[in-house]
Amino acid sequence: MDPNRKIQPVQADLDTTQSNKAPKLKTVPQFCESHPAFTVGGIRHIQFTLGDDLAKAGAVIRFGRKLLIDEDLFLDFVRSGKASKIAGGRS
């Protein structure tokens, strides 16, 4: 190795359009405490009926038996209207 060789800094290829913040993962009770409009039973019901859609959206994550909610993605899912019809009902 040449002792006179200068080390060039590595330029990282960062996508500045993506947010680098970590997801806010909360358990169901923690989420309901932060957002009183949601009840534990309501969250369990939407998970039961729309669980696959929530998982595809990244809004919920299973960690063993524990259900973790990505706060931002879950609220985006609800805001987008995807949770407007959770269960049956009369048309």
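We did not get these values from a lab; they are worked out from the coordinates using the rules stated. Because the structure is a prediction, the values reported are computed rather than measured. For neighbour counting, all protein chains shown are included, and Cβ atoms are generated from backbone atoms with ideal geometry for every residue, glycine included.
Can you list residues whose amide H is under 5 Å from PHE38's amide H, if they're 5+ apart or on another chain and H is modeled 1.01 Å from N?
The answer is none.
Using the Karplus curve 6.51 cos²θ - 1.76 cosθ + 1.60 with θ = phi - 60°, work out ³J(HN,Hα) for each residue of the range 58-64 in order, rounded to whole Hz, and write x for Gly and Pro.
x, 6, 10, 9, 8, 10, x
Can you bin the range 25-79 into rounded, prolate or oblate? Criterion: square roots of the alpha carbon gyration tensor eigenvalues sorted a ≥ b ≥ c, rounded for a/c under 1.5, prolate for a/b above b/c, oblate for the rest.
In terms of gyration-tensor shape, rounded.
Among rounded, prolate and oblate, which fits the range 48-91 when a ≥ b ≥ c are the square roots of the eigenvalues of its C-alpha gyration tensor, a/c under 1.5 means rounded, and a/b larger than b/c means prolate?
oblate
Near the amide H of LEU67, under 5 Å away, which other amide H atoms are found, from residues 5 or more places off or on another chain, if H is placed in the peptide plane?
Close amide H contacts, sequence-distant or interchain: VAL28.
What is the spin-label model distance, in nm, from LEU25 to ASP72 if the labels are put 7 Å beyond Cα along the C-beta direction?
1.6 nm
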